[in-house]
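Some notes on the structure that comes next.
The values are calculated or read from the model by the stated rules, or taken from the named source; none is laboratory data. Model, not experiment: these values are computed from the prediction. Cβ coordinates were reconstructed from backbone atoms using ideal geometry, including for glycine residues, and neighbour counts include every protein chain displayed. Side chains are part of the model used for accessible areas, which takes the heavy atoms of the whole protein and leaves out ligands, DNA and RNA. Shrake-Rupley method; radii C 1.70, N 1.55, O 1.52, S 1.80 Å.
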Amino acid sequence: MYIVIDTNSVNGDLLLKGPGIKKLISKSTEQGYKICFPEVVIAEMEKHFRERIESAFKGLNKAAKIFDDLLEINPLDKIGLKKCESLQKKYPKTIRSTIEKFGGLILNEPKVSKKELMRKAVNRKKPFQEGGRGYQDALIWASIFDLSEQFAESVSITEPRIIFVTSNHND
């Protein structure tokens, strides 16, 4: 059995160290399930991580300017800032390593054709939306379909073989 993770279900825990993911890892390991992250989910996690760090740096710089203006000191430690930058750059390797360590899988890019995606996007077929959004979700679904191909021989649906974990109930 496979458990496929959507970005929005781990957005609050981009390091995959919180109690929710730990419990999922523990239970899935006990049951012999594999936790899977489509490649596009990893890319989205990297983007969210980078955006949060950039936002935090902006807030930090703004606060440092206030200290400098009012107290004439700069509380930002250059060594600490360098370490933050270094850790930010390591995130892509770190997250892949974390997934590997707990026995998770990173699903390859799906085999879906650009033409098929274009047709769905133009016709606003789910997961594409009126404004054209939905490309990442389409890739996630295509990854799930690719994963499901290994079960094509058996049409039995008495036991689910793929569980999709998402916070988005609209798609």
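Of all residues in the stretch 79-106, those that are closer than 20 Å to F37 by Cβ have Cβ atoms under 6 Å from Cβ atoms of residues that are assigned to a helix (DSSP H, G or I) and acidic (D, E), 6 or more apart or on another chain, in P92/E46. Apart from one condition, E30 fits all of (1) farther than 22 Å from S143 by Cβ; (2) modelled with pLDDT of 90 or more; (3) not basic (K, R); (4) not in a helix (DSSP H, G or I); the exception is (4).
Among all positions in the stretch 55-63, there is no residue which is closer than 24 Å to Q136 by Cβ and either in contact with a strand residue (DSSP E or B) (Cβ under 8 Å, 6 or more places away or on another chain) or assigned to a strand (DSSP E or B) (or both). When restricted to residues that are open to solvent by 60 Å² or more (accessible area, probe 1.4 Å) and in contact (Cβ under 8 Å) with a residue 24 or more places away in the chain, the stretch 18-32 contains 2. Out of L147, L107, L117, L139, I need the residue that is at pLDDT 80 or above, more than 30 Å from I53 (Cβ to Cβ), open to solvent by less than 40 Å² (accessible area, probe 1.4 Å) and not basic (K, R). Which one? After applying the criteria, what remains is L147.
When E46 is tested against the conditions (1) touching a helix residue (DSSP H, G or I) at 6+ places or on another chain (Cβ under 7 Å); (2) in contact (Cβ under 8 Å) with a residue 40 or more places away in the chain; (3) closer than 19 Å to F164 by Cα, the lone failure is (3). If you go through the stretch 61-81 and keep only what is hydrophobic (A, V, I, L, M, F, W, C) and out of contact with any Pro (no Cβ under 9 Å at 6 or more places or on another chain), you end up with I66, L70, L71, I73, L76, I79, L81. S55 satisfies every condition listed in (1) free of Cβ contacts under 8 Å to residues at least 60 places away in the same chain; (2) hydroxyl-bearing (S, T, Y); (3) buried (at least 18 other Cβ atoms within 10 Å of the Cβ) except (3). Filtering I42, I25, I73 for residues that are assigned to a loop (DSSP other than H, G, I, E, B) and of a type in the set (A, V, I, L, M) leaves a single hit, I73.
Given the structure, is I42 within 11 Å of the chain's Cα centre (by Cα) and either open to solvent by less than 90 Å² (accessible area, probe 1.4 Å) or at positive phi (or both)? Considered against the rule, which asks whether it is within 11 Å of the chain's Cα centre (by Cα) and either open to solvent by less than 90 Å² (accessible area, probe 1.4 Å) or at positive phi (or both), I42 comes out as yes.
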